[in-house]
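A.B. asks: Can you read through this structure? Questions will come right after.
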């Protein structure tokens, strides 16, 4: 099998340095990876002691401290580090939905901190002025310690110590598990991971970097991308977390506190992406498969494509992809989309996200979007969706570990006779923790009979960026605690920490329901893990229901077997809690059984295998459609096939194929004499059936080809057909329905005609064309054109009408009729014993691809040997052959065939006269 290059921001492994001897330091406190450029402190128990609301983080009802009698919840970081370190194995399962923030990982391991200048100013002008003054960092390097006191190393180099490779907790755990499970099943060859090492590296000398690099490469199949701390900070904490992440999750940057306008961070995002692309290109071998993952690396596919035009590149977005209305808020929207379109395959978690991407490309880039992907000038980019899954086999093995079983037993004792609802979320504005707590509070108020019977355990990993949210959540927790808690029972346990993996699995196993209220989420794998943990095989039967936000990708997977809620609707969410707690056993089993079937069938290994298979398929298709891979038309062979045939069918495009493109009033409406002569010679043979297909109207084609009697015509891209030696036209489109949708679309287009100076509307019998080639502001006109195409396609989908943009126009036409349907109608007229044994199709544009595809299918279905399809354009195509000399070459070929007909006719007349 080929080697797969898995490219994601962080590698599956990181480094834990041995702690050097330290002495106290009195100057600035160490900053962690997550604290760059921010003054907010790390959330810990000690820091919360001075809080206005300290009860929520100290009292047992909210965050119980570990004791000999109650060891379940591990709260302080040293204890958590011990648990994680003891249970970490680079070759085993990692947490799929990792919520560990960077500061937490930094306390679990002894690693360097960032060595950077202060965060850039929030305005572009200030940033430019600062860059003029100095481009160098003015901060001294900062060392680290796991001690809470401020320390520094005695040695000159605090990292000149022993170190070991450990499994990283930050990064995409779902991706890591999927790759490992696919390898374990034998469905994937060698894997080479490419990414960051997981901690800032400016503090390391070159020798130490080389030592770590060699270790990761030789023993862990990983290549480290080294970037400066400044580039990482600007990329990750500024552009990704401040701009991309909120916008991708519908947090539109339109409020005063937003920093999305501070696009100085773009240069860091671009620089880091280029570093990743360079690393891939430097290590690429022909035949390798390149998979790039998530929103941190949107530019990488395009950057690699420039250096490796024939590479097999896939891109998968694990996060949500917003609608075009939201995405267009990004200042660098074009660059981001063009970067993604460097891949052969762009894949998403759900059909909704894929549709948003297609719509966004059409609207912003003014490119043609089909159901299968994006048609660019010289390539086709497939767009697909398939949801990621988990690694059930490894998860089940973890549940059988003694430590997990001990945790389950502790929970069983502690929450005996209680209904347990569990939740685990990052405390940010996306995960919906505030909405969940408000809904739970409403549930307790509305259904007081449940107050002393239910417990919600909310694991909320800290996010140091949002103090306002933390304060709001604290107020809600305080209110619930004050109103509903007693000495014997606390309905809410709020854990401001993450849990070791055994405790996490125990929590999922012993729960009676899971509650996820994300405001937007690509795919929530906690749901999948909960379902596996609820199988009843360990700890007794559960089959707990899932209360799931309709705005998560997981909601599109489980086919309505979850309890779907709108997290903004607190009343309905509260009612869903009651429904989950009171659900009959048979109903729980029914829902659970179907959800478990889905989880077991859509595993991480299945997801990885499907992506790889689909990428191979589309890459092969792209290769076949590349004009450099398609053979030239052999005129000699064409002549041989022509001479052997008894009945011949020609279907030839006009604009751009028989005649060059030009002004509508000149070139298109004039039939050059040579074209007329060639067509007359071909038609003169009664064994030749010649059809000309065009986007022009009936009247225009009759004018152009009036001097070629016996010629078949296809008008308006297949909506009308005039058969051989006939004067009447067949209309395929329903004229009444056509008039209805055209009236509605013209009203819509009037809006854009008024806003685009120099634009005009061309009306045909069953299609409309919005022209803007003479627009005063072409860039603005192009944006309006993309918006118009998207608007019309969405509004008229039920009427089977589509709109697609071209380089200087928008074409609106029926979906059900095209040149391919016209060709099918022509072929269907012949009985099996009258079927032509020679077929030639010629074209140059996107409209002709359906006929090329039809001709290929006809050859395979009816086993007709003499089928030739030829493209005279320079775009990628499904045609069997190409002509590099375009229109001239095609006319030369047709002229040779026409002369054969003329010579045969003259020879026949001579023989008759002699007799």
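A.B. asks: Any residue at all in the stretch 612-633 that's under 30 Å from residue 864 (Cα atoms), outside the structural domain of residue 836 (by TED's automatic domain parsing), touching a helix residue (DSSP H, G or I) at 6+ places or on another chain (Cβ under 9 Å) and free of Cβ contacts under 8 Å to residues at least 24 places away in the same chain?
C.D. replies: yes
A.B. asks: I need a count of the residues in the stretch 197-249 that are touching a residue at least 60 places away in the same chain (Cβ under 8 Å), within 18 Å of residue 4 (Cα to Cα) and touching a helix residue (DSSP H, G or I) at 6+ places or on another chain (Cβ under 7 Å).
C.D. replies: Matching residues across the stretch 197-249 total 3.
A.B. asks: Then there is this: Restricting to helices (runs of 4 or more DSSP H) lying wholly in the stretch 575-668: which have 2 or more residues that are farther than 30 Å from residue 389 by Cα?
C.D. replies: 604-625, 635-644
A.B. asks: For residue 698, indicate whether it is closer than 27 Å to residue 809 by Cβ and either touching a strand residue (DSSP E or B) at 6+ places or on another chain (Cβ under 6 Å) or modelled with pLDDT under 90 (or both).
C.D. replies: yes
A.B. asks: Can you find a residue in the stretch 212-232 that is surrounded by 16 or more Cβ atoms within 10 Å (Cβ to Cβ), part of a helix (DSSP H, G or I) and modelled with pLDDT under 90?
C.D. replies: Scanning the stretch 212-232 turns up no residue that is surrounded by 16 or more Cβ atoms within 10 Å (Cβ to Cβ), part of a helix (DSSP H, G or I) and modelled with pLDDT under 90.
A.B. asks: Limited to the stretch 457-478, what total is found for residues that are out of contact with any helix residue (DSSP H, G or I) (no Cβ under 7 Å at 6 or more places or on another chain), modelled with pLDDT of 85 or more and part of a helix (DSSP H, G or I)?
C.D. replies: Summing the residues that are out of contact with any helix residue (DSSP H, G or I) (no Cβ under 7 Å at 6 or more places or on another chain), modelled with pLDDT of 85 or more and part of a helix (DSSP H, G or I) in the stretch 457-478 gives 3.
A.B. asks: Could you please find all residues in the stretch 718-762 being in a loop (DSSP other than H, G, I, E, B) and over 24 Å from residue 693 (Cα atoms)?
C.D. replies: Selection gives 756, 757, 758, 759.
A.B. asks: Moving to a separate point now. Scan the stretch 331-347 residue by residue and report those that are surrounded by 21 or more Cβ atoms within 10 Å (Cβ to Cβ) and assigned to a loop (DSSP other than H, G, I, E, B).
C.D. replies: 341, 342, 343, 344
A.B. asks: All but one of (1) free of Cβ contacts under 8 Å to residues at least 40 places away in the same chain; (2) buried (at least 22 other Cβ atoms within 10 Å of the Cβ); (3) within 23 Å of residue 575 (Cβ to Cβ) hold for residue 383; which doesn't?
C.D. replies: Answer for residue 383: the failing condition is (3).
Yes/no per residue for (1) assigned by TED's automatic domain parsing to the domain that holds residue 479; (2) at pLDDT below 90; (3) crowded, with 20+ Cβ neighbours inside 10 Å; (4) under 15 Å from residue 521 (Cα atoms):
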{"site": "399", "(1), (2), (3), (4)": "yes, yes, yes, no"}
{"site": "402", "(1), (2), (3), (4)": "yes, no, no, no"}
{"site": "407", "(1), (2), (3), (4)": "yes, no, yes, no"}
{"site": "418", "(1), (2), (3), (4)": "yes, no, no, no"}
{"site": "428", "(1), (2), (3), (4)": "yes, yes, yes, yes"}
{"site": "434", "(1), (2), (3), (4)": "yes, no, no, no"}
{"site": "438", "(1), (2), (3), (4)": "yes, no, yes, no"}
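A.B. asks: Is one or more of the residues making up the stretch 825-845 modelled with pLDDT under 80, assigned by TED's automatic domain parsing to the domain that holds residue 696 and buried (at least 16 other Cβ atoms within 10 Å of the Cβ)?
C.D. replies: No, the stretch 825-845 has no match at all.
A.B. asks: Does the stretch 348-363 include one or more residues that are assigned by TED's automatic domain parsing to the domain that holds residue 242, crowded, with 24+ Cβ neighbours inside 10 Å and more than 16 Å from the chain's Cα centre (by Cα)?
C.D. replies: Yes.
A.B. asks: Continuing with the same structure: Return the residue satisfying two criteria in turn: it lies in the stretch 763-796 and is over 31 Å from the mean Cα position of the chain (by Cα) and without any contact (Cβ under 8 Å) to a residue 24 or more places away in the chain, and of such residues it is nearest to residue 729 (Cα to Cα).
C.D. replies: Among those residues, the one meeting the criterion is 763.
A.B. asks: Can you name every residue in the stretch 488-510 that is out of contact with any helix residue (DSSP H, G or I) (no Cβ under 8 Å at 6 or more places or on another chain) and either in a loop (DSSP other than H, G, I, E, B) or in the same structural domain as residue 169 (by TED's automatic domain parsing) (or both)?
C.D. replies: Matches in the stretch 488-510: 488, 489.
The values are calculated or read from the model by the stated rules, or taken from the named source; none is laboratory data. Predicted model only: the values in this text are computed from it and were never measured. Neighbour counts are summed over all protein chains in view; Cβ atoms, including those assigned to glycine, are modelled from backbone coordinates with ideal geometry.
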